[in-house]
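Colleague: Could you have a look at this structure, given as structure tokens, before my questions?
The values are calculated or read from the model by the stated rules, or taken from the named source; none is laboratory data. Quick caveat: nothing in here was measured; it's all calculated off a predicted structure. Cβ coordinates were reconstructed from backbone atoms using ideal geometry, including for glycine residues, and neighbour counts include every protein chain displayed. All accessible areas refer to the heavy atoms of the entire protein, side chains included, with ligands and DNA or RNA removed. Shrake-Rupley method; radii C 1.70, N 1.55, O 1.52, S 1.80 Å.
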Amino acid sequence: MRVTKFLLLVAGAALTMPALAVDGFYVDSSTVRDVQRTLNDRGIARVGVDGKMGPRTQAAVREFQRSQRLEPTGQLNRQTLIALGLQRPDGSAAAPEPRYSAAVVRRVQQTLAHRGFKVDPIDGNMHAAAQQALRQFQKSENLEDTGRLNDRTLAALGIEPEATPPVVARPANGTPTTRDVQRRLNQLGYNAGPEDGVMGQATRAALIEFQRVEGLAATGRLDRATIDALRSEGATAAR
């Protein structure tokens, strides 16, 4: 009986411990969130940003690995983290990549198409075709051909990088107004309707969709976790 209890305790501890990549890179829930956001940003899949390596996240990782011609294990190994831009080849964590709105990505796709690069569909997502077209453009401009957006590539395309969208203002009582929430949701591409300060059906539906994308409880209510996610500069834009 004591042996059984000990084994159960060990198994439980293993499930709650942060993961290690196959080749030793330390991966915790924060890293998994970065992976999930990056997969969403690149249009690989829409997964909840909850820091958990669940079946949908693993399936999205496998799809990404296939697009990069890596072994589709679904595991966050060194090659996968490097391809995602989250780890440097020397094993250290990479600095966060700049994040651009769907509107900026769409302008990039349109500009690439006008220049003769095959980039369909033009949908505001950095899907595999868009990455390949961007990689070809970067190579033609003697830029590092990563297939990822950065300010230098935008400048070469003649596109002004979008300023970081403002976060929800924090009034004296610490709670944003409904109009603040509507403005922020609309900035992120969620259709919250008119910014009239009324928590109507469109605003609530937009809030629920934002909560789902962020991996939060999709209640349609403005709880503390949702307020913090809306205020974050890394809030996930609508797809």
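Colleague: Please work out which one of (1) open to solvent by 40 Å² or more (accessible area, probe 1.4 Å); (2) in a helix (DSSP H, G or I) is the condition ASN40 fails and give its number.
Modeller: Just one mismatch for ASN40, condition (1).
Colleague: Of everything in region 160-184 that's at pLDDT 50 or above, open to solvent by less than 20 Å² (accessible area, probe 1.4 Å) and part of a loop (DSSP other than H, G, I, E, B), which residue is nearest to GLY197 (Cα to Cα)? Before you say what the answer is, go through the steps one by one.
Modeller: Restricting attention to region 160-184, the residues satisfying the condition of being at pLDDT 50 or above are 160-162, 174-184.
Add one more test, that the residue is open to solvent by less than 20 Å² (accessible area, probe 1.4 Å), and what stays is 174, 176, 181-182, 184.
Right, trim to part of a loop (DSSP other than H, G, I, E, B) and you get 174, 176.
Values: GLY174: 17, PRO176: 11 Å.
Filtering region 160-184 for residues that are at pLDDT 50 or above, open to solvent by less than 20 Å² (accessible area, probe 1.4 Å) and part of a loop (DSSP other than H, G, I, E, B), the one nearest to GLY197 (Cα to Cα) comes out as PRO176.
Colleague: Pick from region 46-65 the residues that are out of contact with any helix residue (DSSP H, G or I) (no Cβ under 9 Å at 6 or more places or on another chain) and not in a loop (DSSP other than H, G, I, E, B): which of them is least open to solvent (accessible area, probe 1.4 Å)?
Modeller: Start the filter on region 46-65 by keeping residues that are out of contact with any helix residue (DSSP H, G or I) (no Cβ under 9 Å at 6 or more places or on another chain), which leaves 54-56, 58-59, 62.
Okay, now just the ones that are also not in a loop (DSSP other than H, G, I, E, B), so 55-56, 58-59, 62.
Details: PRO55: 108, ARG56: 162, GLN58: 69, ALA59: 46, ARG62: 74 Å².
Selected residue: ALA59.
Colleague: When region 78-127 is examined, which residues are found to be at pLDDT 85 or above and assigned to a loop (DSSP other than H, G, I, E, B)?
Modeller: Scanning region 78-127 gives ARG115, GLY116, PHE117, LYS118, VAL119, ASP120, PRO121, ILE122.
Colleague: Residue under question is ASP151, and the condition is that it be modelled with pLDDT of 70 or more and either of a type in the set (Gly, Ala, Ser) or open to solvent by less than 80 Å² (accessible area, probe 1.4 Å) (or both); does it hold? Explain how you work it out, then say what you get.
Modeller: On the way: modelled with pLDDT of 70 or more: yes; either of a type in the set (Gly, Ala, Ser) or open to solvent by less than 80 Å² (accessible area, probe 1.4 Å) (or both): no.
Criteria not met by ASP151.
Colleague: In addition: In the set VAL22, VAL27, which member is at pLDDT below 75, of a type in the set (Val, Ile, Thr) and open to solvent by 30 Å² or more (accessible area, probe 1.4 Å)?
Modeller: Details: VAL27 fails: open to solvent by 30 Å² or more (accessible area, probe 1.4 Å).
Of the residues listed, the single one that is at pLDDT below 75, of a type in the set (Val, Ile, Thr) and open to solvent by 30 Å² or more (accessible area, probe 1.4 Å) is VAL22.
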